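Below: one structure, written as C-alpha cells.
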Amino acid sequence: QVQLVESGGGLVQPGGSLRLSCRASGSIFSIMSMGWYRQAPGKQRELVAASTSSGSINYADSVKGRFTISRDNPKNTVYLQMNSLKPEDTAVYYCNTWPSPIIVWGQGTQVTVSS
C-alpha cells in the first residue's frame, strides 16, 4: 500500500518562502500524476498544483507565478516551492494522486503565513 509523508511546513511571514516535500512509498511513483492540495479551516480541500508523469504541470490561478511543483522520481518525492507567500495561503498542505486522489491521505503539513 502506498503511503504519503508530507513535510516542510511552518510559520512564515508574508512574502516569505517555504519548500514542501512529499515522499511516497512504493515503486510506481514515476508513473503517477501527483498533486499538491490544501485545506484551510472551514474550507474544502482544493488543488494547488499538479504534475503528470509526462511532465505537464497545472497550477491553481491563486498560486500561478508564486508556487512551483517539481518531482524527483528516483527519490519518490514531489516538491512544492512556495514563494511570495500570503496569509490566504495558510492551510494544511497534502499531496496525493491527480486528478483523482486515490491514496489514503497523509497527515499533511501545516503552513501558516502571518506577521
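The values are calculated or read from the model by the stated rules, or taken from the named source; none is laboratory data. Because the structure is a prediction, the values reported are computed rather than measured. Because the Cβ atoms are built from the backbone with ideal geometry, glycine has one as well, and the counts that use them run over all protein chains shown. Side chains are part of the model used for accessible areas, which takes the heavy atoms of the whole protein and leaves out ligands, DNA and RNA. Shrake-Rupley method; radii C 1.70, N 1.55, O 1.52, S 1.80 Å.
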Taking the range 17-55 as the search range and keeping residues that are β-branched (Val, Ile, Thr) and not in a helix (DSSP H, G or I), which one is most open to solvent (accessible area, probe 1.4 Å)?
ILE28
Restricting attention to the range 89-105, does a residue exist that is under 12 Å from ALA40 (Cα atoms), aromatic (Phe, Trp, Tyr), open to solvent by 10 Å² or more (accessible area, probe 1.4 Å) and under 14 Å from the mean Cα position of the chain (by Cα)?
yes
If you go through the range 60-77, how many residues are open to solvent by less than 30 Å² (accessible area, probe 1.4 Å), within 16 Å of TYR37 (Cβ to Cβ) and modelled with pLDDT under 95?
0
Restricting to the range 60-94, give me the number of residues that are under 17 Å from GLY10 (Cβ atoms) and part of a strand (DSSP E or B).
9
Restricting to the range 27-50, name every residue that is under 13 Å from THR97 (Cα atoms) and in contact (Cβ under 8 Å) with a residue 40 or more places away in the chain.
PHE29, SER30, MET32, SER33, MET34, GLY35, TRP36, TYR37, LEU47, VAL48, ALA50
